[in-house]
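So the structure is just underneath, and the comments pick up after that.
Any read-out appearing in this document is the output of simple, stated calculations on the displayed coordinates, not a laboratory observation. No experiment lies behind these values; they were computed from the predicted model shown. Cβ atoms come from the backbone with ideal geometry, glycine included; neighbour counts cover every protein chain shown.
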Amino acid sequence: MAVVPQMQHSIESSISNIDVYEGDTETIIKHGENISVCAKFHIEIYGCQMNVYDAQRIAELLQFCGFEKAKCHEDADILIFYTCNIREKAAARLFSNINIFKNQKTKVVAVGGCVVQAEKENMFRHKAINIVFGPQVYHKLPEYIMDVINGKRDRIMDVGMPQMEKFKAIPVKQNVSYSEFVTIQEGCNNFCTYCIVPYTRGPECSRPAIDILHETKHLVENGAQEITLLGQNVNSYHGEAAYLGIGGKKTWDITRLLYEVAKILGIRRLRYVTSHPKDFNKELMTAHREIDVLVPFVHIPLQSGSNKILRLMNRGHTVEEYLDKLAMFRDIAPNIQFSSDFIVGFPQETDEDLQATIDAARMADYSFSYAFKYSPRKKTPASRMQDQIPEEEKEVRLAKLYAVLQESQLKYNQSIVGTIQETLFEKEGRRENQYVGKNVYLQSIVVEADESPIGKFMNVKITKATQNSVFGEIIQ
Ligand code: SF4
């Protein structure tokens, strides 16, 4: 059973005494029972950070149940494709990838993720697919795989949405990295008119605070130094906390959660992603000033700088309200930096609307941003709107906006030349002895070093800035 201790005193003292949350063993065994074969699996992941997180949990669960990770896809008995629905024609791309990856050895093909929740039984158009599973039921995958291997069933579809059940059924993570994600909420009630998430991940649902604290503590004790709290709408988090028995409100919001997670000894950086502008309040902004380990950086998607388009998108705020929030944030936490997402070529967008977006991006002064062409998703209201913009026009508008976003990024990069940036190193660079890390603002920093700094925090003196990267020398 899950370990849920009675907490009597303050959370800081309680958390140092709790056992690591090990998942609901009964449920894990139920979903993995009768696994006697040593079949090898390979997972192909396409999509956002949430998909990467889900796929890692699936891999851990399968290994816990006795399956083995294949060295490569050619060596796998079980092929799992976990993919999002953000890209146009996601199902067609998936089908073509199945054809590429499948071989004589393949016994089971399972497909999961948001694309499945959107397409459901249509996925079986591809004859090789045995299992179709939605993002809320991946904990049942071991059971379904065994049913196919044992010949009990040939085709299985489960696109149920038993929210949060999966978290109880997943074992504790074994291979902990220096930088880890912890899901704190899933789903969304905002129904932006272009977005498929509310249909694929279901309504907004927050994990209980104690589960988040347990998982984070386990990750940190096993080597994680950077923790990112993850969700479709993290800053509307409202997790159950009544049974913690430490007084105060029965439900914690994101601000309270951040204060408590930050108390776990060993965390050096705390982040959260993705946020909605309407859910930022003064308390959350103040937390960025008061919590040492909480990074002074927030991703706040604006999407469009035109109030007409924001209304059509059902974003629930105006551009003025958004810019006021950024100004308030900067007043409260002066070292804060922002990034954003933009969609260009939304239905009915005019040149004036695009100009409004360009003006807003200039005013917001982001350290970097992402911009995408609008791409209609089946079932969403925006896909049925009149006056869709032609692809070629979207390309032109994207290039115009990008030029402005790049100016901002270069300006930020140049502003840190000569400063010292604490950098967490993540990977090797393109050249020999070159390594790439990220500062607190998620900016890529490149250094040369004889010894690999990967997985370590280093102070770096910045010497040069380009559009996409900054370069420096390790001074510690
Ligand atoms: S808030 Fe984000 S996840 Fe929710 S509908 Fe809008 S874009 Fe999608």
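Given 0.36 nm per residue, what is the gain on full extension from residue 431 to residue 327 after removing their alpha carbon distance, in nm?
Computed gain between residue 431 and residue 327 is 33.4 nm.
Please state, to two decimals, what the Cα-based radius of gyration of the range 394-435 comes to when divided by 2.2 N^0.38 Å (N = residues).
Ratio of Cα Rg to 2.2 N^0.38 Å: 1.67.
Among all the lysines, which ones have a C-alpha under 17 Å from residue 379's C-alpha, if same-chain residues fewer than 8 places away are not counted?
Hits, sequence-local ones excluded: 89, 120.
Filter the GluC sites (Glu not before Pro) in the range 422-467 to those in DSSP coil with at most 14 other Cβ atoms within 10 Å of their Cβ, and list the result.
432, 451
Roughly what % of DSSP beta bridges within the chain run antiparallel, to the nearest 5?
35 percent
With an 8 Å cut-off on Cα pairs and a minimum separation of 6 or more residues, tell me the relative contact order of the chain in percent.
10 percent
Just rank 385, 50, fewest to most, by other beta-carbon atoms within 10 angstrom.
Ascending number of Cβ neighbours within 10 Å: 385, 50.
Please give the net charge around residue 145, taking every other residue with its beta carbon less than 10 angstrom from that of residue 145, where Lys and Arg add +1 and Asp and Glu add -1.
Summing Lys/Arg as +1 and Asp/Glu as -1 gives -1.
Per residue of the chain, what 222 nm ellipticity follows from adding -39500 (n - 2.57) for every DSSP H run with n ≥ 4, rounded to the nearest 500?
Roughly -10000 deg cm²/dmol at 222 nm, from the helical runs in the chain.
Need the list of lysines near residue 456 for cross-linking: C-alpha distance under 24 angstrom, and skip anything on the same chain fewer than eight residues off.
Once the sequence-local lysines are set aside, what remains near residue 456 is 173, 217, 263, 427, 438, 464.
Can you list which of the trypsin sites (Lys or Arg not before Pro) found in the range 407-466 are DSSP loop residues with at most 11 other C-beta atoms within 10 Å?
430, 431
Per residue, how much space in cubic angstrom lies within the convex hull of the C-alpha atoms of the chain?
154 Å³
Where a Cα-Cα gap under 25 Å defines reach, which lysines qualify for residue 400, not counting those fewer than 8 residues away within the same chain?
Straight-distance partners of residue 400: 308, 373, 411.
Averaging over all projection directions, find the projected area of the Cα convex hull of the range 420-474 and quote it in nm² with one decimal place.
Result: a mean projected hull area of 3.3 nm².
What list do you get for 143, 221 if you sort them by fewest beta carbons within 10 Å?
Ordered by Cβ neighbours within 10 Å, fewest first: 221, 143.
Sort all Cα-Cα distances of the range 213-370 into consecutive 5 angstrom bins from zero, then give the percent of pairs in each bin up to the one containing the longest distance.
2, 8, 17, 19, 18, 13, 10, 7, 4, 2, 0, 0
Sort 365, 158 so the one with the fewest other Cβ atoms within 10 Å of its own Cβ comes first.
Starting with the residue having the fewest Cβ neighbours, the order is 365, 158.
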